[in-house]
Structures are given as structure tokens and as C-alpha cells.
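Bear in mind these aren't lab numbers, they're just calculated from the coordinates by the rules spelled out. What you are looking at is a predicted structure, and each value in this text was computed from that prediction instead of being measured. For neighbour counting, all protein chains shown are included, and Cβ atoms are generated from backbone atoms with ideal geometry for every residue, glycine included.
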2 protein chains.
Amino acid sequence: MNYIRGMERDKSYRQILKWGDKREAEVDHHMVALIKEKFGLTDADFSEKYLPGTEEVKLEKPSLLKPAQAEFLKSVSGGENVLTDDFHRAQYSCGKFYGELLDLRLNQVPDPPDAVVSPRSHDEVVKIVGFCNDERIAIIPVGGQSSVTGALRAPHGGIALDLTEHINRILKINSVNKTVTVQAGMYGPALEEELNRHGYTCGHFPQSFEYSTVGGWISARGAGQASTGYGKIEDMVVALTAVTPAGVIETRDFPRTAQGWDLFRLFAGAEGTLGVITGVTLHIFNHAPQNTTLAAFIFRSFEQAVETMRRMIQSEYGRPHLFRISDPEETDIAFRTSGFDGTFADRVLKRLGFKTGSRCLMFVTVEGEKDYAGFVMGKIKKSARAGKGMYIGAGPVRKWLAQRYSSAYLRDPLMDLGIMSDTLETAVTWENLLKVWRAAHEYVRRRPKAFMMIHISHVYENGANLYFTFLTPMEKGNERKDFLQFHSGLVDTIVEHGGSISHHHGVGRVLAPWMEGHLGRNSMELMKAVKRHLDPNNIMNPGGMLGLL
Amino acid sequence: MNYIRGMERDKSYRQILKWGDKREAEVDHHMVALIKEKFGLTDADFSEKYLPGTEEVKLEKPSLLKPAQAEFLKSVSGGENVLTDDFHRAQYSCGKFYGELLDLRLNQVPDPPDAVVSPRSHDEVVKIVGFCNDERIAIIPVGGQSSVTGALRAPHGGIALDLTEHINRILKINSVNKTVTVQAGMYGPALEEELNRHGYTCGHFPQSFEYSTVGGWISARGAGQASTGYGKIEDMVVALTAVTPAGVIETRDFPRTAQGWDLFRLFAGAEGTLGVITGVTLHIFNHAPQNTTLAAFIFRSFEQAVETMRRMIQSEYGRPHLFRISDPEETDIAFRTSGFDGTFADRVLKRLGFKTGSRCLMFVTVEGEKDYAGFVMGKIKKSARAGKGMYIGAGPVRKWLAQRYSSAYLRDPLMDLGIMSDTLETAVTWENLLKVWRAAHEYVRRRPKAFMMIHISHVYENGANLYFTFLTPMEKGNERKDFLQFHSGLVDTIVEHGGSISHHHGVGRVLAPWMEGHLGRNSMELMKAVKRHLDPNNIMNPGGMLGLL
């Protein structure tokens, strides 16, 4: 099921670093023009691909797995499911964190595992976890590898436990309880396709949808693009099964209980540090895309748009599913790269006071039964008007949805142009949202050639998610240090102004250094106590994950 | 703030055992007639109150608090906030579990604390918990004492830590984030009154509302009567502060994060075993009772009503707030005791096939903005018709709401008549719901003179709560053993057929023996590990709570 294994066109770093189907995407010409303008660059700067990573993968670290250990793993899962060659060890050691992509372009793989093992069943996972616990071999559970937090690095070596190859099927669609029981290594599209055939949808569509798995969604506590309506993945979990060094934890599918706390919640957000999630039961939803209502609105300022969004979500008339605001910077880019800038419609908007540099787009969908979706959208439109927003049709949302997973492809060609580009995100209360938004922009503006777009997505009664995308030319020859410094300063800025470390990307190894300061020492000690109990020998994704051990 | 302290009319067991405002309620004459008929009793059986508990409280166990310990506690919280007299030690040692009421009527208080301490602030709680941890003194956090699970017993003595006396104020109503920050010892009505003044409601109305506190709601993971719309209390928690022997855990008010698991969730359902919740931030809702739409429906059978309820909640057109079905037994009692039986309307219903012994009532409210509540109720009515239910007006729901907290008063006068009456409840998937319902009725029918009513309340996409109320004459002279045996058999029956131990009453000491068999050993060990970390000396509500230690 892994989208690349066995299909490698070559064994280069580039095969590993590129997003998704590995196609050679190009940056749209509007965007190139913008980059040249913003950063004072010329075509000469783009004459050849920067750090293309086209060399063949060669690891410095040999696999440290002992022959007897390799033999045992092969005896459990079959020889073809235990790989120790350089390319696969490199491939499974990284996700899509900008720092990892940069390393690969610099022909570096700092923390490869000793082997990649693809167990064929839950029972094989139990055997492997037991064996690795006895032998003190680290285990890094691997799903779709779209992590942007360094979650797959293996600083202690050990094995990358690939769940996608075999543990990837739907076990039961339960139409009485309206749930699906699915194995953790199943990719989003395969799950969704099968659910659609039965009239359901999973409701969870992160940007990484095509290259992420159910187990990964839960481990990282992801959020789909329509999470305002459907909830984050942890809201959809009904029950799960996890294999830990201390035994199998299997929770049950009751709708809600009052018998201690819900143990499944410890595994949502544990990022592989407590055990291996092998199966999960999720809520599912009715699949009726023909009922979805869509609307785009434009506002004269970010502040007005945010205030209106807050009023909408705090009104009690049902809620949107997709719910987003692009800030003025992101809105301007959208208008420029779509060719809208300078059209007649654009001139009309400007005359009405919706001006470049301050105007903001809001996108809304409402799903559900046809008349319900219509009713709620009617209320949304009324609220938008009351908030001085103008309805500009469903078209822009439809267009956005058509390319909803494609912007993940943009980063690689930008890097080919020598442009550093990364995303961060934070959950923040309404009270602090504008503060964080302003501070983040100010921070980026302090770097001579840098540009940031921010949007709001994933909206709650008491706050929302702010999502940051920045672009700036790499400091050539000092790419890594420069990036880490710039990135770290942005995280500091967000956290200091009241944002959380993460809303849906997770923490991993990249954001771990912020955990204790953010959560407090007592909370960290509590998390560590849970870790110690379930994984006393620290074999589960060790080496800095979540700041645990 | 405690509703009785200082106001005792006498110091009898009866003052402690009676529900709520301690009034002498009577059983309605319809109900008395029914009891006589069902159980073959006559007026002679009711000539005097059975086990009235009117004697003055006298404890066998002296307070074991050492003088120096008492002095320290007084130095922290003031002499008037440390009580060691028999009556108060007895009063604070029990909630409203039937077994406890029976003990009191038998002039028994098996597990009194050594003292009742009412700290005046969070800081005093910190000092007391630290001191008690050093001195190995047990602490039992006490709120409104409406527990029905033996959660307040002090088998290891120690102190009942009363939060209601002083730690009972709203700290902040945040209308930007739409949240309230409130101290844990605040009672429901005081909270709601203040919120209403600001245009909000807490949305949480358990039957114990008038005599329960915010901290108790969270500790027991309670559910309000309108939880289908507003969620259970754990869904409303945004953040909380808890004082544990391992230090203060303070979580933050982000709308949602992906930075490990949400630690506040460990305290929801911990029933005082991990620490003392002192403050909490909750979501609040718009207070607009004038918008609420109400409807009662009648169905020809329980099966039809349940199937229709499931279709309603699994439709995606908004959801009810209050959502209930009374099974045929409960429906019949409602019709008889309300005087509806035998009226012209009743005869019409019967002619239409809604017959005694099989017909069922469904109650629905929808809250929110006026047109939203109207829209959703329109969809509900359509679904009810499609499910062969008949709309019978809003009146029955209005009537039910007017006495929504009063049935808790019924148990005491029933016990005065020598009738054993208790309630149990379970969360169960749709798949298992009818199975549990049938098995529970069959179990009760095996007892010669016994009668059970069941309703569904608290409804979810994948299942619902079944709520059981049974009545049967006490076995005089063997009241306690007979009750425990009968009660335990009913729990067994529920759990064996797929029900959970509890949906919203909690586990306490009464249901603790079922925990390990139900959750599995590995899950219990995980819960115990959390307990050991936060409370290494086992001072927090020790002695069997939740099956922990």
C-alpha cells in the first residue's frame, strides 16, 4: 500500500524528499513573478535547481541490527518485510519537515533506523513489540510519513515499523452504530473510497489526506479541513487498540462513559511514544456532497472578518464545516496568482472599499441534509452581512476545494528556486488571536526579505487555529542554521503572545523543546509517568519526541 | 453555601439521609395505589414510617485526628472551618446511594471522616494537601454530596474537604471566548443564576442540579438532562486547576491542541482519587429559553421509538437538546400517575393502536436561535411521522420540565413506606441497546414483587444511555443484604449484555468491583500508574474508589 515502495524511479535523495506522487511540479508564473518582485530576484537566480538532491542515497551509519535480531524479525513477518538497505532506511527516517527536506537536499540522513519492518497483522506487532522491549530495540511507528515535526527520526536507531504495507484494511462498517473499525495503516483515500461506496464519509480531510494514515491522524491529533463541522480526529475516535511494551490496551466502543477517564485519549497525540496503534473505531458521516452549500465572502479588514467569524460560531444556529479566513497577505496572493487582480470585478471591489492590503476572504461550507445545509448557510449569509462582509458567490470555494491538497506540492519547486518555505500553526483563544497574528507578522517583517501569509481554519466557540506560511530566500551555504533560527524565533513569538505549540501538526522532535515551558513542569512529569508505565525501557519512538525522553 | 450546615432542625440521621431541602415529601396517591396493586400491599403496611432514622447521630468511631494535626488545619483555614463533631462527620461521610440511606435509617455510619475542613481558598487547599500528604492523612473532596456511588465514604478516616463553603465563586465570565471560570465548590443554581444575568446558561442540568457542584459534575463525569445538545460536562471543560500531592496541575484554555493528550481529561472522572479540582473554565451557551421548541411523541412500541430516535440522531440536520424515550413500563406509570389513563384522549390513542403495555413516550426539545430551533424541530417531527410516531403536543414536555428535579425527592417517602427504590444507568451502543433493555427487565421480573421502568436519555450517534429505576418491597430485617444482592445482579446483567458500568453516575466504591473485569487488566494498571504518580501515598479518596487502591 505504500505509495512508493518498489516503484522508485531512482534511489536518490530527491525520490525521498519530494511530496506525494513525486511529480516534478512547477511554481506557477504569477507566483514566480511575485517572488522576484518581493525578494528582488531575477531569472538568473533560478537558472538551475538549487540543491536538487539527485545523488544516490548512501548512509554513513551501518545498520546495527544484530543478525539474530534480524532473523527473529524475519521469522515473524517474513524476509520480504524486513528491509535493511540504505535507501529504505533513509526513506523511512523522515517525514516532510522543512529541516528534513533540507537535510536530504544536502545529502544528509542524520537518524536512520537500522531496519524497516512491515508486520502483517496485529499479532505480529504484539510479537515485535515484545521482542524489541526485551532486546531494547527502539520502535518508530510509521504511517504515511507526512509528519512535519521530525516524528520519524531514529536517533537511537532501531526499527521503523511500517503499518501501511499490510495493516491497512477496513474491518467493519457498522451502519447501526454509524462507525467504522479500521486498521491503523490504511491511507485516507482508500478508506474514503470504501466508505463512499457504503454511503458514508470519514469527514477527515487534512491537507496531507492522500499521504497520511488513520493511525497517523490519531497519533498526531490531526484536523481535517472541514473540522469545524466534523471535529478533529480525536473527536471522531470511539475506541482503539494499541500495542504497548506493557501489553495491549483495548478500549471499548461505548458512546460515552463515566468510569474513570477515557484511555483512548492518551494515544491521541502520543505520537508513537506509548505504543503502536493497530486498530481504531471512528464515527462516520453521511456522504452527500450534492447537499453541500458553499459561500465566499469578502471583508474590508481582518479584524472585521474575525469578529464576524466569532459571532457566527458563537451563534447557536448550526455550524459551518469548512470555515476559513485568509488574512490580507494571503488574500492578496490568492487574488494575484488567480489572475483576479486588475479585472473589472477587482476594480468594483476596490471602489466599494475592499482594498488590497486590507481585504480578506472568508470561505464557508455547510454539509448535512439538503435543507439543513441551506438553512444554516442562510444564517451565515445574514451574519456576514451584519458584519459588513459581502457575498461573492460559491465559485472561489469550489475552486479552492478542487485544489485542496495541491499546495503541499508547492514547497519542493520553491526550494528548487532557493526559497525557504514552511508552515506553522497554533490554537489560540479569540481574546489572543489578533495579538498573535500581529506579532507573527511583525516578527517576519523584521527579516529583510521575507513574506508571510496567515489564515484561520478550524474554528471553535472559544477560539481558532491560526496557520502561518512563510517564504524567504535561503541563506545559501548556511541554509539549515538560518532556517532553524528563523523558525525557532517564530515559534517563540507565537507562544509568547498566547498561542499554543500546535493545534494539529503535533509536537514531534521539532517543537519538543517548547513543551515544558508551555505546559509546566508538573504536567510534563505526569505525561512522563504515563510513558514510564507503558514503556519502561523507552523503546517507543525515543529520543526527544514530545519532550518525554 | 452548604445548604444545610448551621440550619439543622435536629441532629438526626434523617436530617442527613433526606434529599435536598429536607422537606417531608409524600408519595402521590396514584403511585400509592399502584404500589398497593403491584405488590399486594394494604394501607396497614403503611401505618407508620419504616426505619425513619429519627434518632440523634452518635458515632462509634472517635475522630483519630491528632491534636497537632487539628491545630495545623485550624491555623490554615480558621477554627470555624474545622469540624470534628459526630453530626458533621456523619453528614459529610455519605452521598445519596441507596445503601447509604439504608445505613442511616439503620443508625449506622460505617466510614466517617475524622474531621470536616472547609478551606477558604485554592492556596489553603495547596497547604492542606501538602500537609496531609506528609502526614498520610486521607482527603475526600466533597461537593454537593449527591453522589450515588459511595464516593464520600472515608474507610481510612482522614478529612472531608468541603469545597462548597468558601471556594464557590465565579472568577470570570469571558464573553469574548464565551467561557466562565468558576471555583469548583459552586452549586449549580448559583452559577446558573449569575450566568443568566449575563445572558448565558451553563447548559448542564443533571437531576441533582440544585444539590451538586461544578467540581462534582466534573469529578463524576455527569450529564445534564439536555446533554444530547450541550454535551456531557467533560465536553464543556476548557481548562482546569487541580491540587495533587505531586503538585498543582493547571491546564490552559486553548480551544484544542495537538501537544500530547489533554491532561484535564484525567481529572474528569477521577472522582477525587488524583487531587482536588479547585477551579475550572467551562464553555457557556446563550440563554434564550423563549426560543426552545418542545414536542412529545407517542409510539406503538419501544422498538419503533428506538429505531426512530437512532434515525433522528444519525440524520445530519441538527440535534435535540433534551431527548428521551420512556419505555412502556415508564410510559404507563406516567399516564397513570398523571390521571391520563381512562380519559377520552387515552381511549382515542388506544383505538389508534397506542396500547398500554407497549406504547412509549418520546420527549424532545431543541434550543438555540428561534428559527434554528423551529427548523430542527420541523425535521424531528417529520422523522417522527416517518417512524410512525404521533405528535401529541408540547404540553407533556413542559409538564416534565416543570418537575425536572423533583423525582429525586420520591425515594425517601418510598423508603418510609418500606419500598426499596434505586436507579442505575449505562451507556450502550445502538447494536446492544434492546438486548440490555430486555435482559434488565427479565432480571427484575424474576424477583416476585418488583417493578422496573427504563428510559433512554443522553443520545449519541453510536448509542445512548439507558436509565433504570426499580421498585420492590424491602425484605424487612434483611434490607441491606437483600438490596446489595439484587443491585449487584442487575449490574451484572447490564454489563454481561454489553452495557457500560456507568454513563454519568460514576463508579465510586459501589461499582468499583466491576472495573477490572470491564476495562481489562492493562487498562486498570494504566489508571493505577497515573494514580501512583500523582498520589504516591494514596491519600486522595482512598479505599476502593474506582477500583484503584
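Peptide A:427-435 is shielded by partner chain Cβ atoms: per residue, an average of 4 of them sit within 10 Å of its Cβ. Bridge orientation summary for the protein assembly as shown: considering DSSP beta bridges with both residues in this region, about 90 percent are antiparallel.
When all alpha carbon pairs of the range B:365-471 are counted in 5 Å bins from zero, the resulting P(r) reads 2, 9, 13, 17, 19, 18, 11, 6, 3, 1, 0 %.
Our compactness index for chain B, the C-alpha radius of gyration over the empirical 2.2 N^0.38 Å, is 0.97. Identify the trypsin sites (Lys or Arg not before Pro) of the range A:101-159 meeting these criteria: DSSP loop state and at most 14 other C-beta atoms within 10 Å of the C-beta. Passing both the DSSP loop test and the Cβ count: A:Arg120, A:Arg136. Taking θ as phi - 60° and the Karplus parameters 6.51, -1.76 and 1.60, the scalar couplings of the range A:167-175 work out to 9, 8, 10, 6, 8, 6, 9, 9, 7 Hz in sequence order, x denoting glycine and proline. Amide H to amide H distances under 5 Å link B:Ala270 with no residue, where only residues 5 or more positions off or on other chains count and H is placed in the peptide plane.
Using a/c under 1.5 as the rounded threshold, could you call the range A:436-549 rounded, prolate or oblate? The axes a ≥ b ≥ c are square roots of the C-alpha gyration tensor eigenvalues, and prolate needs a/b larger than b/c, oblate otherwise. In terms of gyration-tensor shape, oblate. Could you give log10 I(q)/I(0) at q = 0.12, 0.14, 0.16 Å⁻¹ for the range B:30-161, computed by the Debye formula over C-alpha point scatterers of equal weight, without solvent? Debye output, listed in q order: -0.54, -0.67, -0.80.
Take every DSSP beta bridge whose two residues both sit in chain B, then give the antiparallel share in percent to the nearest 5. Bridges in chain B are about 90 percent antiparallel.
Considering every residue in A:525-538, what mean count of other chain Cβ atoms within 10 Å of its Cβ is obtained?
4
When the trypsin sites (Lys or Arg not before Pro) in the range B:381-461 are filtered for DSSP coil states and for at most 11 other beta-carbon atoms within 10 Å of their beta-carbon, the remaining sites are B:Arg446. When Rg and the Kirkwood Rh are both derived from Cα coordinates, the Rg/Rh ratio for the range B:389-430 amounts to 1.13. Over chain B, DSSP H runs of length four or greater, each weighted -39,500 (n - 2.57), average out per residue to a 222 nm ellipticity of -10500 deg cm²/dmol. Put simply, the amide H of B:Ile277, placed in the peptide plane, has neighbours under 5 Å in B:Val243, leaving out anything fewer than 5 places away on its chain. Could you tell me whether the protein assembly as shown comes out rounded, prolate or oblate from its Cα gyration tensor? Rule is a ≥ b ≥ c as square roots of the eigenvalues, rounded for a/c under 1.5, then prolate if a/b exceeds b/c, otherwise oblate. Here the protein assembly as shown falls in the prolate category.
Give, in nm to one decimal, the length gained when the segment between A:His198 and A:Arg136 is fully stretched (0.36 nm per residue of separation minus the Cα-Cα distance).
Values: separation 62, 0.36 × 62 = 22.32 nm, distance 4.39 nm.
Net length gain for the segment: 17.9 nm.
Couplings 3J(HN,Hα) for the range B:354-370, derived from phi with the Karplus relation 6.51 cos²θ - 1.76 cosθ + 1.60 (θ = phi - 60°), are 8, 9, 3, x, 9, 6, 9, 8, 10, 10, 9, 10, 10, 10, x, 5, 4 Hz, where x marks Gly and Pro. For B:Ser175, the amide hydrogen comes within under 5 Å of no other amide hydrogen, counting only partners 5 or more places away or on other chains and with H modelled in the peptide plane.
Across peptide B:244-254, the average count of Cβ atoms from other chains found within 10 Å of a residue's Cβ is 5. What the phi angles of the range A:217-228 give under the Karplus curve with 6.51, -1.76 and 1.60, with θ = phi - 60°, is a coupling list of 3, 6, 4, 9, 6, x, 9, x, 5, 9, 5, 4 Hz, glycine and proline written as x. Sorted from shortest to longest, the distances between the B:Lys355 label points of this copy and the other copies are 7.8 nm, with each point 7 Å from Cα along the line through the beta carbon. Relative contact order for chain A: 16 percent, from Cα pairs under 8 Å spaced at least 6 residues apart, divided by residue count. Averaging 1/r over each pair of different alpha-carbon atoms in the range A:170-286 and inverting the result gives 14.1 Å, the Kirkwood hydrodynamic radius.
FRET efficiency for the B:Ser338 to A:Glu303 pair, using the beta carbon distance and R₀ = 41 Å, is estimated at 0.15. Counting charges near A:Asp346 (Lys, Arg +1; Asp, Glu -1) among other residues having Cβ under 12 Å from its Cβ returns a value of +4.
All other residues with a Cβ under 12 Å from the Cβ of B:Thr469 taken together, and with Lys, Arg as +1 and Asp, Glu as -1, what is their net charge? Charge balance in the 12 Å sphere: -4.
Could you list the residues of the range B:370-388 with an amide nitrogen less than 14 Å from a label point located 7 Å from the Cα of A:Lys382 in the Cα-to-C-beta direction? Once the point is set 7 Å along Cα→Cβ of A:Lys382, B:370-376 turn out to lie under 14 Å by backbone N, inside the range B:370-388.
Report for the range B:289-404 the percent antiparallel among DSSP-assigned beta bridges with both residues inside it, nearest 5.
100
Ranked by the mean number of other Cβ atoms within 10 Å of their residues, highest first, the peptides B:459-469, A:165-175 come out as B:459-469, A:165-175.
The other copies place their A:Gln485 label points at 8.1 nm from this one, listed shortest first, where each point is 7 Å from Cα along Cα→Cβ.
Take A:Arg9, move 7 Å from Cα toward the beta carbon, and the resulting point lies 8.9 nm from the same point in each other copy, nearest first.
When Rg and the Kirkwood radius Rh are both evaluated on Cα atoms of the range A:289-404, their ratio Rg/Rh stands at 0.96. In a simple Cβ point-charge model (Lys, Arg +1; Asp, Glu -1; nothing else charged), the range A:368-415 has a dipole of about 260 debye relative to its Cα centre.
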